[in-house]
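Down below is the structure, laid out as structure tokens.
The values are calculated or read from the model by the stated rules, or taken from the named source; none is laboratory data. Please read these numbers as outputs of a predicted model, since none were measured by experiment. Heads up, the Cβs are rebuilt from the backbone with ideal geometry, glycines too, and the neighbour counts pull from every protein chain shown.
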Amino acid sequence: MNTAVSDIEVIKAKKTKIHDVDFDHLSFGSTFSDHMLECNYKDGKWQAPKVVPYQPITLDPSAKIFHYGQSVFEGMKAYKDAKNDIYLFRPLDNWKRLNISSKRLAIPEVPESYFMEGLKTLLKLDSEWIPKKEGSSLYIRPFIFATGKGFHASPANEYKFIIACAPSGAYFAGKVKVLIEETYSRSANGGVGFAKAGGNYAGQFYPTQLAVEKGYQQVIWTDDNTHEYIEEAGAMNIFIRINDTLITGPTSDRILDGITRKSIIELAKAEGIAVEVRKISVHEVVAAAKNGSLKEMFGAGTAAVISPISGFGYHGEDFDIPELENTYASLMKKRITDIQTNKCEDPFGWRFKV
Ligand code: PLP
Ligand code: COI
């Protein structure tokens, strides 16, 4: 599906908010750039996208997003290099995954040109909002939700696709301690776990709140059937290093096919690191923690980048992961952020100049 978009209409904000932002102390996703992309689906097709001032949205109380949760989203980042050129990382993969998520939620797919041309127009207009400080970037949130009216439990006939941007710093402040979940599940076979559906996150909030009350930052989900196998964390895929081997679970219809995850698998292999994509049981991780062969655990995701895990809780017991000098996590973080920010060659063709 490829609809041509020439000259996306741009309605500029009357006044910029950029001077109110402290770019040296950015939190994650809490201040928003001057503009957003807006595109409406009605009469059976996506209408021409427009870039408009970032603004609130008015919806009918019966809009199906409120009742039946028809919403999907993506997470991306824009980076600036030393010459102020703007880069994205594997953006077509985000477009493809947005449509994979949409299909599962019975939401109409967005044409590639609307997504890519819209995003490029928006980023060029709000280019001053892309932070240059190391560790900061412009977090990009494409999302689609049902605006169509009615209490009938069926797919809406109208939707809104928005891309909003937030200059952001790190997602986690410091190292992350996780709780391996034994009771609740994030997803199930045949469900929507592989989709970036809003409801997947809502369903995690309560179990995560319980974990936070116990002193953990994130939950590591286990398979819904047996709770024996490690799946992923709330906002990132998980890598586990046992001795010198890096292990991550296979993706499935319960797990998000993370773009950072699949990039790390390739980057690690290129470094000569032994990588195994296989089921990893909680039992194996606990045994490795006890015998000292568990060397590292880290999360990987767009927002989280590479987030080292300092320890985990399981079955009422806490396990610390002793700090190493040269970690796979720091090597992988350097390799991926150097590609993202145009500090090195990109042999994989992942970097995308805007
Ligand atoms: N898993 C979940 C549940 C996520 O929300 C994310 C974040 O997008 C990831 C994994 C990592 O995916 P990606 O690397 O594509 O950002
Ligand atoms: C991302 O990493 O982009 C995500 O979408 C995770 C989100 C929960 C912040």
| request: Just give me the residues in segment 271-308 being small (Gly, Ala, Ser) and in contact (Cβ under 8 Å) with a residue 40 or more places away in the chain, in sequence order. | output: SER281, ALA288, SER293, GLY299, ALA300, GLY301, ALA303, ALA304, SER307
| Applying the selection to segment 37-83, what residues are hydrophobic (A, V, I, L, M, F, W, C) and away from ligand 2 (no atom under 16 Å from the Cβ)? | LEU37, CYS39, TRP46, ALA48, VAL51, VAL52, ILE57, LEU59, ALA63, ILE65, PHE66, ALA82
| task | Give me a count of the residues in segment 212-240 that are in a loop (DSSP other than H, G, I, E, B), within 13 Å of ligand 2 (Cβ to nearest atom) and at pLDDT 95 or above. | result | 1
| task | Output yes when any residue across segment 93-108 is surrounded by fewer than 19 Cβ atoms within 10 Å (Cβ to Cβ), touching a residue at least 40 places away in the same chain (Cβ under 8 Å), closer than 22 Å to ASN237 by Cβ and touching a helix residue (DSSP H, G or I) at 6+ places or on another chain (Cβ under 8 Å), and no when none is. | result | yes
| note | ARG261: passes all of (1) in contact with a helix residue (DSSP H, G or I) (Cβ under 9 Å, 6 or more places away or on another chain); (2) assigned to a helix (DSSP H, G or I); (3) within 26 Å of ASN200 (Cα to Cα) but (1)
| request: May I ask you to verify whether GLY215 is farther than 14 Å from LYS279 by Cα, small (Gly, Ala, Ser) and surrounded by fewer than 20 Cβ atoms within 10 Å (Cβ to Cβ)? | output: yes
| Every pair of residues 6+ apart whose Cβ atoms lie under 7 Å, when the first sits in segment 41-56 and is among the basic types (Lys, Arg) while the second is surrounded by fewer than 17 Cβ atoms within 10 Å (Cβ to Cβ) | LYS42/GLU158; LYS50/GLU9; LYS50/ILE11
| message | Residues that are surrounded by fewer than 22 Cβ atoms within 10 Å (Cβ to Cβ), under 30 Å from TYR87 (Cβ atoms), under 25 Å from the mean Cα position of the chain (by Cα) and of a type in the set (A, V, I, L, M): does segment 289-306 have at least one? | response | yes
| remark: Matching residues in segment 76-102 (aliphatic (A, V, I, L, M) and part of a strand (DSSP E or B)) number 4
